[in-house]
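For reference, the structure discussed in these notes is given below.
Just so it is clear, none of the values below were taken in a lab; they were calculated from the coordinates. Note that the structure is a prediction, hence the values are computed from the model and not measured. Heads up, the Cβs are rebuilt from the backbone with ideal geometry, glycines too, and the neighbour counts pull from every protein chain shown.
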Amino acid sequence: MGLPGIAEAAESIEPESAYAVLAKAQKLERAGRDVIHLEIGEPDFATEHRINQAGIAAINAGQTRYNPTAGIGPLREAIAAELGRRSERKISASEVVVGPGAKPLLFLPTLAIIEAGDEVIYPDPGFPTYEAMVRVAGGKGVPVPLVEANGFSFDLDVLRQRISERTKLIVLNSPSNPTGGVIPLSDLEEVAKLAQRHNCWVLSDEIYSRMCFDGVKAPSVASIDGMAERTIVVDGFSKTYAMTGWRLGYGVMPERLASKVNLLAVHAFGCTAQFTQFAGLEAITGPQTQIDTLMAEYQRRRDVLVDGLNSITGISCRKPAGAFYAFPNVQSLGESSEAIADRLLSETGVALLPGNAFGAAGEGYLRICFAKPIPELLQAVERMRAFFG
Ligand SMILES: Cc1ncc(COP(=O)(O)O)c(C=O)c1O
């Protein structure tokens, strides 16, 4: 008799390549190599002092206990008010579910909605968790390509072909990881029409919604007439407030779904750390000036990186409209993205991700996170220039 088996869904799950490349890069560093880390999507800024202090004060005040699964009342109220104001719609605290990071609010609503064989449309290239959560839920993933010429919005013709009565959920991510693309309102209106016609849910991952450049605003599908009742908006504190390690995110969804997601959360993680939630409360109710300062800096970094990449023969890179990722096209180099990413790391010490780590349509691209100081970005560009030259 052999050893007990592991479920097919778990056996077939892929890792998030950012973590895999990070591990490889760290191994090189331990061997004495100088590595520029552009692989992990994480702000390089510290969490603001006022937010840290709120978390510390909460710990000292004994806010270290079990608490309501969906989140503490004041935080849910504040999220409802703040997101409602930003997306110009009325949101009630009972529609808000808080969790340890945005990821559980991707996973749990999917588990609550998807039954075996249901089809889920998601962006390709897209955040790898979408594929994983659909697989674990027993659904069938239906990737729809994003098109560079459309600013990395969906290919709407392919979307129209692939949506059917079997589609139960459409996943959107704007601004996008890995492309930095923002879906324009006209495309969202088309997606909304299709979602209504085929009676499916929409999960809109808006974790980069406050991280847009050039005065662009990423519209939310939930603000389109008739969509709030079938949409889950996922957002969080990790990127906007540089709070990745605090683990704090939330989902906003119709109450009938929120109550079920709440039950899944009871059994999956019980509740989110209270002191983290008090830090999050300070983050969204306190002064918001730092976001503008950081976004101005990210925009300078984006411009330096993208201009540098475009000055290298064989690389062409659109200016991302949001998030902190550049997604240069390297198809003319005639090598797979994976081979290029591997060689860049081993030969030049520049760690970045191959585009196909985000889906088949990402082949021919690289993902570069520019949440790094400008001198490091310039150095990475020079190493890449020497490599490609
Ligand atoms: C598109 C997208 N959604 C969700 C997440 C997860 O966020 P969190 O760290 O808050 O779970 C990330 C993190 O990289 C992301 O890029």
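One table, with the values for the structure above:
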item: Alpha carbon Rg of segment 253-389, scaled by the compact-globule rule 2.2 N^0.38 Å; result: 1.40
item: Amide proton proximity set for LYS140, modelled H, under 5 Å, gap of 5+; result: GLY117, ASP118, GLU119, VAL120
item: Dimensionless Rg/Rh of segment 15-130 - Kirkwood Rh, Rg from C-alpha atoms; result: 1.05
item: Qualifying chymotrypsin sites (Phe, Trp or Tyr not before Pro) for segment 250-351 [loop in DSSP, other Cβ within 10 Å: at most 10]; result: none
item: Relative contact order of segment 163-219, defined on C-alpha pairs under 8 angstrom at six or more residues apart (%); result: 48
item: Interchain or long-range residues, amide H under 5 Å from LEU172's placed H; result: LEU203, SER204, ASP205
item: Centroid-to-centroid separation of segment 1-24 and segment 76-135 [C-alpha atoms, Å]; result: 24
item: Sorted by Cβ neighbour density within 10 Å, fewest at the top, the residues MET133, MET253; result: MET133, MET253
item: Under the span-like rule (Cα at least 30 Å along the axis, Kyte-Doolittle mean at least -1.0), DSSP H helices of the chain; result: 289-310
item: 222 nm mean residue ellipticity, helices alone, for the chain (DSSP H n ≥ 4; -39,500 (n - 2.57); rounded to 500); result: -12500 deg cm²/dmol
item: Inter-part distance where segment 324-347 and segment 258-305 are each reduced to a Cα centre, Å; result: 31
item: Scattering curve values for the chain, log₁₀ I(q)/I(0), Debye with Cα scatterers, q = 0.07, 0.10, 0.15 Å⁻¹; result: -0.31, -0.66, -1.44
item: In segment 1-45, the trypsin sites (Lys or Arg not before Pro) that fall in loop regions by DSSP, at most 14 other Cβ within 10 Å; result: ARG33
item: DSSP bridge pairs, segment 49-285: antiparallel proportion in percent, nearest 5; result: 35
item: Mean Cα-pair separation over length for the chain, i.e. relative contact order, pairs under 8 Å, 6 or more apart, %; result: 23
item: Square roots of five times the Cα gyration tensor eigenvalues for segment 302-359, Å; result: 18, 13, 12
item: nm² value of the averaged projected area, convex hull over the Cα atoms of segment 185-277; result: 7.3
item: Hull shadow area, averaged, segment 137-196 [alpha-carbon convex hull, nm²]; result: 4.4
item: Whether segment 83-240 is rounded, prolate or oblate, judged on the alpha carbon gyration tensor where a/c under 1.5 counts as rounded; result: rounded
item: Proximal charge balance of GLY151 [Cβ under 14 Å; K/R count +1, D/E count -1]; result: -2
item: Order of LYS90, LYS168 - criterion: other Cβ atoms within 10 Å of each residue's Cβ, fewest first; result: LYS90, LYS168
item: Count of lysine pairs in the chain with Cα separation under 20 Å (8 or more residues apart, or interchain); result: 14
item: Residues HIS267, HIS37, sorted so that the one with the fewest Cβ neighbours within 10 Å comes first; result: HIS267, HIS37
